[in-house]
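The values are calculated or read from the model by the stated rules, or taken from the named source; none is laboratory data. As the structure is a computational prediction, the values presented were derived from the model and not from experiment. Every residue, glycine among them, receives a Cβ derived from its backbone with ideal geometry; neighbour counts consider all protein chains shown.
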Amino acid sequence: MARLQSFEALFGRPAAVVTDAPGRVNLIGEHTDYNGGYVLPTAIPQRTRVEAAPRSDGVVAVVTANVGRGTRASFRVGEEARRGAWLDYVQGIVTGFRALGAPLSGFDARIESTVPLGSGLSSSASLLVALARALRAMLAVPVDDVGIARLAHAAEHDFVGAPVGMMDPMAASLADERTALFLDTRTLAFERIPLPTEAELLVVDSRVAHNHASGDYRTRRAECERAAAALGVSALRDVDAAAERRIGALPAPLDRRARHVVTENARVLAAVEALRSGDMDRLGRLFDESHRSMRDDFEVSVPEVDALVASARAQPDVYGARLTGGGFGGSIVALVKRGRAAAVARAVVDAYGRTPGRRARVLVGGPSAS
C-alpha cells in the first residue's frame, strides 16, 4: 500500500471529522443473510479510517492509498453514475445521504484501510460505514447506527450492484471485538454475546481474492431464490430442518443450496447456545460442519481454503475451523485454545507454504497479524 500524505498536505486544510469502522470475521452463518436468516460475526482489529472536510463547490474529491498509488478521484454531487470502480462506493453513500435530504455541497476525503481487500473480511462494508459515519458527523444528520448500516447496504447493493446481504454493514456499524453480534437479518434485531475467555480466534488469509460483484456469488444467490420459490416460501429462512424430504426433492443443485442455508441457520442458533454455555467442543464441531456444508453443498470453497482448514484441524489445540465470508477465496477462522493461536498460526502458515505459489498471512490471533 502506498504511503499517503496527510489530509492537510493533500487538501491544504485540516480535516473536520475523522471516523473509522472495523472489518469483520463471521464466526458462523454464511450465505444466510440474503436468505433472511441468522449470522454471528465479530469485529476484527483491522479498520478503515476516513478523514473529511466540507467544500462548497459541489465537488467530492477522494484520495485513497488502498487502490493504486494514492489514487485521487472526484465527481460532482448530483451527478453520481456507476463507473465500475472503487469510487462507486463513495458515490453510493453520497446518493444515500442526498436521498435523506442532507445539505451536501461537496467534501474532500482521505481514506486508508488495514482491512485487506478480497479477504472475506468485509473491506467494502468497513469503507462504507466509515464514510457514512464521516458524513453523519460532518453534516449533523440524525441517523442511528442501524440507519448507517442500511445506507451502507443500499450503496453496495443498489449503487455498486453487488448482491450482498445486511450482515456486513450491520457488523461494521454495530460489532466490537469483545462480543459476537447475533443478528436476525430479517428483522435486524441483534444481541451482543460475549466471546469465550477459554478460547481465541485465529484468522488466516489464503490470499486468493474474491469479489462479491462477480458471477459466482450472484449465481448462488439466484439459486437460493429459485429454491425458495420451488418450496413455496419467500426466503429459505422460512424452511426448517424438518423439511429434509421436500429439500431433497428439489432438482440439483437447488437441493444442495437449500440444504446448506437451512442447516446453517440451525448451526447459528446452536452456536449461540454453545457460546452462552461455554461449550467450546460443540462450537468447534459446528465450525467443522459449517465448512463441510460450504464446501460440499454450497460449493463456494476452493482448494487453497480447504488446505488451510485441513492444516488447522490437524492441530490438537484447534476446536474447529471453517471458511469465513462469501467464499471463492478469502480467509478461514479457527477456534483455538486460549494462548495457542500464535503456535497454531505458525504451523498452519508453514504447512500451506509447502505448496509452491502459496503464501498465507495471519490477520487475527497470530504473530504476523496486523
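Residues to consider are GLY165, GLY161, GLY248; find the one that is surrounded by fewer than 18 Cβ atoms within 10 Å (Cβ to Cβ) and closer than 21 Å to ALA266 by Cα. Let's see the steps before the verdict.
Numbers: GLY165 fails: surrounded by fewer than 18 Cβ atoms within 10 Å (Cβ to Cβ); GLY161 fails: closer than 21 Å to ALA266 by Cα.
After ruling out the rest, the residue left standing is GLY248.
Does the range 4-32 hold any residues that are in a helix (DSSP H, G or I) and either free of Cβ contacts under 8 Å to residues at least 60 places away in the same chain or on the phi > 0 side of the Ramachandran plot (or both), and which are they?
Keep residues of the range 4-32 that are in a helix (DSSP H, G or I), which gives 7-11.
Within the range 4-32, GLU8, ALA9 meet the criteria.
Could you check, for the range 14-25, whether at least one of its residues is surrounded by fewer than 22 Cβ atoms within 10 Å (Cβ to Cβ), farther than 30 Å from LEU181 by Cβ and out of contact with any strand residue (DSSP E or B) (no Cβ under 6 Å at 6 or more places or on another chain)?
Yes, there is a match, as at least one residue in the range 14-25 is surrounded by fewer than 22 Cβ atoms within 10 Å (Cβ to Cβ), farther than 30 Å from LEU181 by Cβ and out of contact with any strand residue (DSSP E or B) (no Cβ under 6 Å at 6 or more places or on another chain).
Which residues, counting only those in the range 270-289, are in a helix (DSSP H, G or I) and under 12 Å from ILE193 (Cα atoms)? Working first, answer last.
The initial filter retains those residues of the range 270-289 that are in a helix (DSSP H, G or I), namely 270-277, 280-289.
Result: ALA271, VAL272, GLU273, ALA274, LEU275, ARG276, SER277.
Would you confirm whether any residue within the range 163-182 is touching a strand residue (DSSP E or B) at 6+ places or on another chain (Cβ under 9 Å), among the aliphatic types (A, V, I, L, M), farther than 25 Å from THR19 by Cα and touching a residue at least 60 places away in the same chain (Cβ under 8 Å)?
No, because not a single residue in the range 163-182 is touching a strand residue (DSSP E or B) at 6+ places or on another chain (Cβ under 9 Å), among the aliphatic types (A, V, I, L, M), farther than 25 Å from THR19 by Cα and touching a residue at least 60 places away in the same chain (Cβ under 8 Å).
Output yes when any residue across the range 260-269 is crowded, with 16+ Cβ neighbours inside 10 Å and free of Cβ contacts under 8 Å to residues at least 24 places away in the same chain, and no when none is.
No, because not a single residue in the range 260-269 is crowded, with 16+ Cβ neighbours inside 10 Å and free of Cβ contacts under 8 Å to residues at least 24 places away in the same chain.
Given the structure, is ALA149 crowded, with 24+ Cβ neighbours inside 10 Å and free of Cβ contacts under 8 Å to residues at least 40 places away in the same chain?
On the way: crowded, with 24+ Cβ neighbours inside 10 Å: yes; free of Cβ contacts under 8 Å to residues at least 40 places away in the same chain: yes.
Yes: the conditions hold for ALA149.
Being part of a loop (DSSP other than H, G, I, E, B) and in contact (Cβ under 8 Å) with a residue 40 or more places away in the chain: is that true of GLU51 here? Steps first, answer last, please.
Working: part of a loop (DSSP other than H, G, I, E, B): no; in contact (Cβ under 8 Å) with a residue 40 or more places away in the chain: yes.
Against the criterion (part of a loop (DSSP other than H, G, I, E, B) and in contact (Cβ under 8 Å) with a residue 40 or more places away in the chain), GLU51 does not qualify.
Looking at ASP20, ASP33 in this structure, which one is under 13 Å from the mean Cα position of the chain (by Cα) and of a type in the set (D, E, K, R)? Spell out the reasoning first.
Numbers: ASP20 fails: under 13 Å from the mean Cα position of the chain (by Cα).
On inspection, the qualifying residue turns out to be ASP33.
Please work out which one of (1) more than 28 Å from THR219 (Cα to Cα); (2) crowded, with 19+ Cβ neighbours inside 10 Å; (3) polar (S, T, N, Q); (4) out of contact with any helix residue (DSSP H, G or I) (no Cβ under 7 Å at 6 or more places or on another chain) is the condition SER277 fails and give its number.
(2)
When you check VAL348 against the structure, is it part of a helix (DSSP H, G or I), surrounded by 24 or more Cβ atoms within 10 Å (Cβ to Cβ), modelled with pLDDT of 95 or more and not small (Gly, Ala, Ser), yes or no? Before you say what the answer is, go through the steps one by one.
On the way: part of a helix (DSSP H, G or I): yes; surrounded by 24 or more Cβ atoms within 10 Å (Cβ to Cβ): yes; modelled with pLDDT of 95 or more: yes; not small (Gly, Ala, Ser): yes.
Against the criterion (part of a helix (DSSP H, G or I), surrounded by 24 or more Cβ atoms within 10 Å (Cβ to Cβ), modelled with pLDDT of 95 or more and not small (Gly, Ala, Ser)), VAL348 qualifies.
Residue under question is PHE328, and the condition is that it be under 23 Å from ALA125 (Cβ atoms), among the hydrophobic types (A, V, I, L, M, F, W, C), touching a helix residue (DSSP H, G or I) at 6+ places or on another chain (Cβ under 6 Å) and at pLDDT below 95; does it hold? Show your work before the answer.
Numbers: under 23 Å from ALA125 (Cβ atoms): yes; among the hydrophobic types (A, V, I, L, M, F, W, C): yes; touching a helix residue (DSSP H, G or I) at 6+ places or on another chain (Cβ under 6 Å): yes; at pLDDT below 95: yes.
Considered against the rule, which asks whether it is under 23 Å from ALA125 (Cβ atoms), among the hydrophobic types (A, V, I, L, M, F, W, C), touching a helix residue (DSSP H, G or I) at 6+ places or on another chain (Cβ under 6 Å) and at pLDDT below 95, PHE328 comes out as yes.
In the set GLY353, GLY329, GLY325, which member is surrounded by fewer than 24 Cβ atoms within 10 Å (Cβ to Cβ) and either assigned by TED's automatic domain parsing to the domain that holds SER123 or on the phi > 0 side of the Ramachandran plot (or both)? So that I can check it myself, show each step before the final result.
On the way: GLY353 fails: either assigned by TED's automatic domain parsing to the domain that holds SER123 or on the phi > 0 side of the Ramachandran plot (or both); GLY325 fails: surrounded by fewer than 24 Cβ atoms within 10 Å (Cβ to Cβ).
The unique qualifying residue is GLY329.
Return the residue satisfying two criteria in turn: it lies in the range 184-206 and is of a type in the set (Ser, Thr, Tyr) and in contact (Cβ under 8 Å) with a residue 60 or more places away in the chain, and of such residues it is nearest to VAL115 (Cα to Cα). It would help to see each step written out before you state the result.
Going residue by residue through the range 184-206, those that are of a type in the set (Ser, Thr, Tyr) are 185, 187, 197, 206.
Narrowing the set further to residues that are in contact (Cβ under 8 Å) with a residue 60 or more places away in the chain leaves 185, 197, 206.
On the way: THR185: 23, THR197: 25, SER206: 14 Å.
So the residue we want is SER206.
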